[in-house]
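Enquirer: I am attaching a structure below and will ask some questions about it afterwards.
The values are calculated or read from the model by the stated rules, or taken from the named source; none is laboratory data. This is a predicted model, so every value here is computed, not measured. A quick note on method: Cβ atoms are made from the backbone with ideal geometry, for glycine too, and the neighbour counts reach across all protein chains shown.
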Amino acid sequence: MLIGIVGKPNCGKSTFFKASTLANVEIANYPFATIKPNKGIGFLRVECADKFFNTTCNPRTGYCIDHKRFVPVDLIDVAGLVPGAHEGKGMGLEFLNDLNQADALIHVIDVSGSTNEKGEPVSIGEYDPAEDIKFLETELDFWYLSILKKSWEKFSRSVSQTNQDIVKSLHKQFSGLGSDEDMIKAILKQLGLVEKKLSSWSDEELLAFASKLRKKTKPILIAANKADVKGALANYERLKKEFPNYIIIPCSAESELALKEASKHKLINYVPGDDGFELIGNLNEKQQSALKFIDENVLKKLGGSGVQQTIDSAVTKLLKYIHIFPGGVSKLEDKDGNRLPDCFLLKENSTALDFAYKVHTDLGDNFIRAVDVKIKRTVGKDHLLKAGDVIEIIADK
């Protein structure tokens, strides 16, 4: 799974990325501080199964604090996008192509309205952040259209002349964008293009197809950043009404980064996603004042900084993944004695057999049955899993 962090310059996008990963990236108050994409590891926060068993886990990857498991998720931060990016403005095409492999996008916007469409600072509230949401949709749609058009004339003529299956042909041609046949079939049906020859599609129909395909293969969540700035929450409430189909989460990436750094230097105890922290170190007056501001104006008002909540929502609500632990009824440890060392992410409606294949191909090929370890009940290969399950796979040796 790869989640792209996108947005116009100077909206706090790289701060959001750094706050999520603590990666060493450049953060500056001017457009195009980021040129090459930054890659790092963020984390999905879930309830750890160790609490159910009244024990402590030993994660192989990620970490666990107070029964809160943090499961690694790949993130990529691309350079800021500006209007006309799909035409190459601001190195836009290069930046867009960096997102090819992303499964979903977190669109970081300046919800305070203090950054214009070019990423230049303006007075608070002077710019309408709704324009950023519309702008990104347009840029991504035309980016997809440009990909489709590269070989469309030759491809569509060939399919039409040889009476190839349209669904299979479209999927094969554009599978690199993350499509599947069911998705292609549904889009064609929605647009009334099931029976129409590809070579006779109009430009409007091709754009409509590109837009639908983009929405399916690059779903977007909005991170309403700088929500701690005066007037920003009013904008956030307005955006929720104006864009009801989006998940929009208010956040303060700058606050999350400060909390992470303070925790790293053992000044506070802070669990990402919590709505508070504990002071444990010797802080000077400036540090105390900054943390007090964050506590009162961010954590208490938003219920957290919003950064962890954004990543969690991108994985579980936007992409609809659930977390599953491998384990045994009689033994939760692996061969090295690590307790509940692994936590896998699978799509909603995954079965016990899907999980077996996720753990290891041999377990799937030789599957006999599975056991729901929490309730000690045997289940079959078609048993639907739910978030937080601990599953033991019984396979033929």
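Enquirer: Which one of these is buried (at least 18 other Cβ atoms within 10 Å of the Cβ), in the same structural domain as residue 97 (by TED's automatic domain parsing) and of a type in the set (Asp, Glu): 128, 132?
Expert: Criteria check complete, one pass: 132.
Enquirer: Let me ask something else. What helices (runs of 4 or more DSSP H) completely inside region 301-379 contain at least 3 residues that are more than 30 Å from residue 258 (Cα to Cα) and under 25 Å from the mean Cα position of the chain (by Cα)?
Expert: Correct list: 352-359.
Enquirer: Go through region 201-238 and report how many residues are over 19 Å from the mean Cα position of the chain (by Cα), without any contact (Cβ under 8 Å) to a residue 24 or more places away in the chain and not in a loop (DSSP other than H, G, I, E, B).
Expert: Number satisfying all stated conditions: 6.
Enquirer: Identify the single condition in (1) in contact (Cβ under 8 Å) with a residue 60 or more places away in the chain; (2) surrounded by 18 or more Cβ atoms within 10 Å (Cβ to Cβ) that residue 255 does not satisfy, given that it satisfies every other one.
Expert: In the conditions (1) in contact (Cβ under 8 Å) with a residue 60 or more places away in the chain; (2) surrounded by 18 or more Cβ atoms within 10 Å (Cβ to Cβ), residue 255 misses (1) alone.
Enquirer: Sticking with this one: Taking residue 284 as the residue in question, decide whether it is exposed (fewer than 14 other Cβ atoms within 10 Å of the Cβ), farther than 28 Å from residue 4 by Cβ and modelled with pLDDT under 95.
Expert: So residue 284 passes the test.
Enquirer: Let me ask something else. Do we have residue 319 as surrounded by 17 or more Cβ atoms within 10 Å (Cβ to Cβ), modelled with pLDDT of 95 or more and touching a Gly at 6+ places or on another chain (Cβ under 7 Å) here?
Expert: Considered against the rule, which asks whether it is surrounded by 17 or more Cβ atoms within 10 Å (Cβ to Cβ), modelled with pLDDT of 95 or more and touching a Gly at 6+ places or on another chain (Cβ under 7 Å), residue 319 comes out as no.
Enquirer: Would you say residue 189 is exposed (fewer than 12 other Cβ atoms within 10 Å of the Cβ) and either modelled with pLDDT of 85 or more or not assigned by TED's automatic domain parsing to the domain that holds residue 212 (or both)?
Expert: Here the answer is yes, as residue 189 does meet what is asked.
Enquirer: Restricting to region 345-393, name every residue that is of a type in the set (A, V, I, L, M, F, W, C) and either closer than 24 Å to residue 70 by Cβ or surrounded by fewer than 16 Cβ atoms within 10 Å (Cβ to Cβ) (or both).
Expert: 345, 346, 355, 359, 368, 373, 375, 384, 385, 387, 390, 391 - these are the residues of region 345-393 that are of a type in the set (A, V, I, L, M, F, W, C) and either closer than 24 Å to residue 70 by Cβ or surrounded by fewer than 16 Cβ atoms within 10 Å (Cβ to Cβ) (or both).
Enquirer: Looking at (1) in contact with a Gly (Cβ under 8 Å, 6 or more places away or on another chain); (2) assigned to a loop (DSSP other than H, G, I, E, B); (3) surrounded by 16 or more Cβ atoms within 10 Å (Cβ to Cβ), can you tell me which one residue 266 breaks?
Expert: (3)
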